[in-house]
Every structure is written in structure tokens, then in C-alpha cells.
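Below: the structure, in C-alpha cells.
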Number of protein chains: 2
Amino acid sequence: MKMSEAGVATVGTVIPFAGWMGSVQARMERALARLLPAPGISPSRLHDAMRYATLEGGKRVRPLLCFGAGELAGALPERLEVAACAVEMIHAYSLVHDDLPCMDDDVLRRGKPTVHIEYDEATALLVGDALQSLAFQLLAEHRLADDPAVQLEMVRALAVASGSRGMAGGQQVDLEATGRQLTVPELESMHIRKTGALIRAAVMLGAACGAPLEPDLRARLDRYVSCVGLAFQVVDDVLDADASTATLGKTAGKDSRSGKATFVSAMGVARAREFTEELLREAHAALAPFGERALRLAELADFIVRRKF
Amino acid sequence: MKMSEAGVATVGTVIPFAGWMGSVQARMERALARLLPAPGISPSRLHDAMRYATLEGGKRVRPLLCFGAGELAGALPERLEVAACAVEMIHAYSLVHDDLPCMDDDVLRRGKPTVHIEYDEATALLVGDALQSLAFQLLAEHRLADDPAVQLEMVRALAVASGSRGMAGGQQVDLEATGRQLTVPELESMHIRKTGALIRAAVMLGAACGAPLEPDLRARLDRYVSCVGLAFQVVDDVLDADASTATLGKTAGKDSRSGKATFVSAMGVARAREFTEELLREAHAALAPFGERALRLAELADFIVRRKF
């Protein structure tokens, strides 16, 4: 892996990836705990449930990508953490709504009962709705860029990524696809919206917190995150086909049982694995002009493709 | 009604309220049709359902208040219509989610089958989610104020009004109150969030599209909209207790059947009517320093309190 070797070789003080990741994850946990409504504030059941849905959960892949892109653009960590919290709240809301009985009807998420099981369906619905509002509130009320016009562009980017032509639209396509096999291009098109759009927003918001990038470099970053976003989903499908429920912390093997089209069902598990490695190479190639500034993004691509959970 | 008499007496060209309201409503219908995703665009079932949920519906009370406040602040109509569409999309999303089986479980809205009846529950969930995203997208991608920082403040205001301490929080309080009688102060506190916050946002966003108001006048406007927002809900409760399903275009009398606390159950129908007239007088008094610039807001207060549907 060229980028990270370069990074480690030339800068003696660079901490290993695992340490960097752990520190971003710990920072995110503190930031989310601070930026979510305090548990005692009325309506406390809703606020408790919002915290339950968001805290102590997940690998924080989107925040890590946001921080990785922000470091590349020289952004301040106190700005990055707010942008990353906004993205993570959109992600958390989407999980709460996806788990509802009328969607995936799942009872387990990140090793814990899903929100509608722990609380109730109506509360889970409102948790998702209120987390979405809070994400936009954060982007608007904290200073994230020197130019407020850049910050408005961040609001727009997150809204587009979340909406009917992004994440919510991908969910709808996914619902309509249940029970029929999709082609690989159809799967790609679905996942570019369903998971790719928000992953892309994480990177673009992180970069927007820093110094403006030239259009060519911006396009490079876009290419990188397109590959990583797609690889993320293919790896998810491979893991779902392979792993046990205990390892994943969510119900495993349910894609094939529920008749959902996946990259594994479309191309077989061996080819799907190969595909992730191709996407990884392309992601690294896209980062080349950034040099060692892209160390964390390069490491994150490896982490996302080679993770076992 | 002092304001409107003054307005009509001194400006010969002022069109009657009904004509003004009709023209704003027609303008809003065109603006919503243009700003919603076109029906043919994929995912077309979601986009169709978003249009079904938003178009041809309701009195557009929030947009009317937005335009009324905008006229007071000298705002351009092409800015006001975008701000008003954002507020109306939040309102439309909240109705779609409120009607879901896990919430009010209602089958009729504005004389038509609710979205989860006409489409399905999963689509209705996503319609609400995507309408919320689109509202924030609109506020960020159109030029609504000369200063982008003012526009960020508009995003923040709409997010706070929609979130856990605004509309979604009010819904949660409402859910938890079902089956027990609330006191009048408890009811006021619930409705300040549930319906009042978004009505207030409509007025504040409309004013923000125009010339900045002095703090004292801003406080006056806030006082006006607090009275109107509360009166709106009290009138709703009175109408629900009185009216037939055919007149309302939604299932009537269901508040008392479902054991929901209302102003009618808390104070009786005669006192509730009196209360709306007191709030109306207070709303008019708050507008006094604006003179005839507040004509439409004064007329809207009358319309909201004296409406029969």
C-alpha cells in the first residue's frame, strides 16, 4: 500500500492507523454525547432513545472518512467532529427507520435490541425524524467553514445525499427489488444511492471544512470515495453471506433468506471478493496526487475492504 | 379588526383577503409542483408518493403566514415561495408519518386516502424522510437572503422547529399523553412544540427573506405568531369536536374517541371558543406597531380563528 508506506516512511511521528482510528472514534463518542440532546431534557423518552440509537455503536466509518478527508484538506478537528456528527446522525436515523417492521423488521442492531424493540415503534419513528433534523441543525449552527456560503453548500450536499435521489431513494429501489435478482449494474446503481451517497457526503463535508480543493483534486477525491463506497457494500454482502450473527452483531445471512439481491447472489462470493480488491486498487490510484496527505484515506480504504465485521 | 380596516381604507389598490389568499395558494401549488422531484424520475414510486402527499392539499396556512410576514419585511415573492415550500414540506412529511399505523393510524387525510393506504407503509416512511431532506435542500440551494449567514440561520430555525424540542418532540409528548387528561398549561406546552414551532418558523423564515427587523419588532412578531399558533390548535380541537367528517376532509371526532387530551376536554367548548377570541385580540395588539404593513398577518389571524374547516 503505497500511500501509507510513504506516510510512515517520511514522517517519524505518524501514529499507526489503529491508534488514529481509536482516537477519532473516542473523539466522536464524546462529540455525539455532547451534541445529542441531554438525556434528562423533556421529552426525555425521545431524547433517551435518540442517544440509545446513536451512542456506543458501530465502527463510525463515515466519521473516519470525514476526518480522513479533513486531514487531507487541513481542516480543524473541532469543525470536523461537528460535520462528522451530522453525517453519523443521518446514518443512525436511517438504521432506526430501516429496522422498523414495515421495512427490514429487524430486532438486533450492533448487538443490542433495535430502537422499536427497546422502546416502541412510534418512538423509533420520531427518533429517526428528530435525528435528521438535528443533523441539519448542527451544520447550520456551528461554524464549520470561514465562508457561510461554503457551509450552505455543506447543508445542500448532506440533504441531497439523504433524500429521494440519495439514501432514501436507494432504500425505495431496494424495497422494490426484493424477490428479484438484479444485474450488477442495477445493484451498483442502487448502492450508489443507498449507502454510497452518504459515504460520499462524509468525505466531501470533511474536505469542505478545510482549504478549498482544486477541481481536479476534488474529482480525484470523488473517484476515491465512489470506489470505497461501492467496495463497502460489496464487502457487506460478502460478510453477510459468510459471517455468524455473533461476529456481526446483527442478524446475519438474512439477505439470502429475505430474497434480497446482493453482489454475492449476482456474481458469486469469489468474484465479489475479487471485485473489492479491484475497487481498492482504484481507490488508491485516485489518491496518488495527494501524496502523504492522503495517508488516512488510503488506510481507511484498506480497513473498509479487509475488515472482518 | 383595526389593521385590515386601516389597510383597506388607506391603500386603494389593496386586493381583498380572499383574493390575496387565493393567489398565494395558487402560487404555492405551482412552486411545490416545480420544486418536488418530477414524477417520472427514478425512483418514480417514491417521487409520485411525495407529490401525492404534498400537492393539492390543505389550506397552506404556514405558507400564507410566511408570505404575510415576508410582505411585512419587504421580501421578494420568489424567495418567499421557496422558504414557504420548505416549511410546507416539513408539514407534509409530519402528516404522512403521523398517519402511519404506529402513530395515529389514520386512513383519510384532506379527503384522500393517506399515503400508506394509497401506496404502502414503507413508501410512506420514506416519503416523510425524503420530504424532510428536500426541505433543507431547498433552504440551502436557492438564494433566499443577501447574506448567506442569514440563510444558515433559516436552516437552523427550521431544524430546531422540526426536531426533538420542536415538532417531533411535541408528537412524543402527545403520544405519552394519550389516555390521560392534561391541564391547560400542559396542553399549551405540548402544542407550542407540536404545531406552534413550525408555524413560528413559517413567520420567522418569511421575515428573514426580507429586510432585517429591529429586535423589538422581531419580539412583536414572535408574540403575534405565538398567539396565532396556539389559537390554531384550539380552533382545531373545537372543530374536531363539532364538525362532520365530510366538512373536515379527515376523520372527525377521533380525538375524543382515542382519549386524546384537547382544549375542549380541558376547558369545555364554550371556554375554548372564548380563549381563541382572546388570543386573536392579543395577536392583533402585537401587530400594532407595524401599521398597514401587517395587513395580511392581521387578516390571517382572523381567518385562522374564524375558519369553519
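Here are some notes:
- So residue A:209, is it touching a Gly at 6+ places or on another chain (Cβ under 8 Å) and either surrounded by fewer than 20 Cβ atoms within 10 Å (Cβ to Cβ) or modelled with pLDDT of 95 or more (or both): yes
- All positions within segment B:167-182 that are among the aliphatic types (A, V, I, L, M) and in a loop (DSSP other than H, G, I, E, B): B:182
- Members of segment B:289-309 that are surrounded by fewer than 15 Cβ atoms within 10 Å (Cβ to Cβ) and touching a residue at least 40 places away in the same chain (Cβ under 8 Å): B:289, B:291, B:307, B:308, B:309
- Residue pairs meeting the criteria (Cβ under 7 Å; at least 6 apart or on separate chains; first within 27 Å of residue B:181 (Cα to Cα), in segment B:263-287; second among the small types (Gly, Ala, Ser) and crowded, with 20+ Cβ neighbours inside 10 Å): B:263/B:272; B:264/B:272; B:276/B:231; B:279/B:231; B:280/B:231; B:280/B:301
- Residue that is nearest to residue A:167 (Cα to Cα) [pool: residues in segment A:74-100 that are small (Gly, Ala, Ser) and more than 12 Å from every other protein chain (Cβ to nearest Cβ)]: A:92
- Of the residues making up segment B:49-60, those that are in contact (Cβ under 8 Å) with a residue 40 or more places away in the chain and at negative phi are B:49, B:50, B:52, B:53, B:54, B:57, B:59.
- The residues listed here are A:106, A:48; of these, the one that is within 14 Å of chain B (Cβ to nearest Cβ), part of a loop (DSSP other than H, G, I, E, B) and acidic (Asp, Glu) is A:106.
- Condition met for residue A:203 (farther than 24 Å from residue A:151 by Cβ, in a helix (DSSP H, G or I), at pLDDT 95 or above and not small (Gly, Ala, Ser)): no
- Residue within segment B:108-116 that is under 29 Å from residue B:81 (Cβ atoms), in contact with a Lys or Arg (Cβ under 8 Å, 6 or more places away or on another chain), surrounded by fewer than 17 Cβ atoms within 10 Å (Cβ to Cβ) and charged (D, E, K, R) present: yes
- When restricted to residues that are more than 28 Å from residue A:103 (Cβ to Cβ), more than 8 Å from chain A (Cβ to nearest Cβ), of a type in the set (D, E, K, R) and assigned to a helix (DSSP H, G or I), segment B:111-166 contains 0.
- Unmet requirement for residue A:56, which otherwise passes all of (1) away from chain B (no Cβ under 14 Å); (2) acidic (Asp, Glu); (3) in a helix (DSSP H, G or I): (3)
- For segment B:11-38, the set of residues classified as of a type in the set (Val, Ile, Thr) and surrounded by 15 or more Cβ atoms within 10 Å (Cβ to Cβ) consists of B:14, B:24, listed by residue number.
- Pairs, first within 12 Å of chain A (Cβ to nearest Cβ) in segment B:170-196, second of a type in the set (Lys, Arg) and in a helix (DSSP H, G or I), C-beta under 7 Å, six or more apart: B:170/B:193; B:170/B:194; B:171/B:194; B:172/A:45; B:173/B:193; B:174/B:194; B:176/A:45
- Test: residue in segment B:140-156 that is at pLDDT 95 or above, touching an Asp or Glu at 6+ places or on another chain (Cβ under 7 Å) and among the charged types (D, E, K, R): yes
The values are calculated or read from the model by the stated rules, or taken from the named source; none is laboratory data. Computed from a predicted model, the values in this text were never measured in an experiment. We place every Cβ from the backbone using ideal geometry, glycine too, and count neighbours over all the protein chains shown.
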